[in-house]
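Below is one structure; the comments refer to it alone.
The values are calculated or read from the model by the stated rules, or taken from the named source; none is laboratory data. For clarity, every value in this text was computed on a predicted model and none was experimentally measured. Virtual Cβ from ideal backbone geometry, glycine too; neighbours counted across all protein chains shown. For the accessible areas, the whole protein counts, side chains as well, though only heavy atoms, and no ligand, DNA or RNA atoms are used. Shrake-Rupley method; radii C 1.70, N 1.55, O 1.52, S 1.80 Å.
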Amino acid sequence: MSPFRSHMTLALEEARAAALRGEVPVGAVVAHRNGTVIAVAGNRTRELNDPTAHAEILAIRAACAALGQERLSGYDLYVTLEPCPMCAMALSHARIARLYYGASDPKSGGVAQGPRVFSHAQCHHVPEIYDGLRAQEAEQMLKLFFDKLR
């Protein structure tokens, strides 16, 4: 097995690109455990007029399409912000092996905050979870984005 390689830099790049499009700056990367990146995405809810077009959902969709399958067993997801409940369930349904995220989300998070989706019996698959990866950078990007809106 190859040594751990974080893809949070790429997720942060996707978050920056999302902010430049006027989207909430969240970026996501799906990568195989061997380090191969399968899909990248940033939020596109406004651009696509789609409330489900969160970075995680778009990255999962792209990875599944690229692989021609609906399950992502053996794949990891890196995202700059703690997934919301919708995205957490999508991770579970996709069978993501490991979730790595940056900033926690006390307002809308669904992993360590709020409903804690993975702790429910109805959640049939729970990924390994690693939080706080480059959290300060992700938090700062979000704060700057929302400060400009006010």
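Of the conditions (1) under 13 Å from the mean Cα position of the chain (by Cα); (2) outside any loop (DSSP other than H, G, I, E, B); (3) more than 17 Å from Leu91 (Cα to Cα), Ala31 clears all except one; give me its number.
(3)
Among residues belonging to the range 67-87 that are surrounded by fewer than 23 Cβ atoms within 10 Å (Cβ to Cβ) and either in contact (Cβ under 8 Å) with a residue 40 or more places away in the chain or in contact with a helix residue (DSSP H, G or I) (Cβ under 8 Å, 6 or more places away or on another chain) (or both), point out the one that is nearest to Gly42 (Cα to Cα).
The selected residue is Met86.
Every residue, every condition in (1) at pLDDT 95 or above; (2) surrounded by 20 or more Cβ atoms within 10 Å (Cβ to Cβ), yes or no:
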{"position": "Thr9", "(1), (2)": "yes, no"}
{"position": "Leu12", "(1), (2)": "yes, yes"}
{"position": "Gly22", "(1), (2)": "yes, no"}
{"position": "Ala31", "(1), (2)": "yes, yes"}
{"position": "Asn34", "(1), (2)": "no, no"}
{"position": "Arg46", "(1), (2)": "yes, no"}
{"position": "Asn49", "(1), (2)": "yes, no"}
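Restricting to the range 116-135, count the residues that are open to solvent by 60 Å² or more (accessible area, probe 1.4 Å) and in contact (Cβ under 8 Å) with a residue 12 or more places away in the chain.
Selection size over the range 116-135: 7.
Are any residues in the range 51-61 open to solvent by 60 Å² or more (accessible area, probe 1.4 Å) and in a loop (DSSP other than H, G, I, E, B), and if so, which ones?
Pro51, the sole residue that qualifies.
With the structure loaded, tell me whether Cys64 is over 13 Å from the mean Cα position of the chain (by Cα), surrounded by 15 or more Cβ atoms within 10 Å (Cβ to Cβ) and without any contact (Cβ under 8 Å) to a residue 60 or more places away in the chain or whether it fails that test.
Criteria met by Cys64.
Does Ala90 count as open to solvent by 70 Å² or more (accessible area, probe 1.4 Å) and among the hydrophobic types (A, V, I, L, M, F, W, C)?
No, not satisfied.
Among (1) in contact with a His (Cβ under 8 Å, 6 or more places away or on another chain); (2) under 20 Å from Val26 (Cα atoms); (3) surrounded by fewer than 19 Cβ atoms within 10 Å (Cβ to Cβ), where does Glu139 come up short?
(1)
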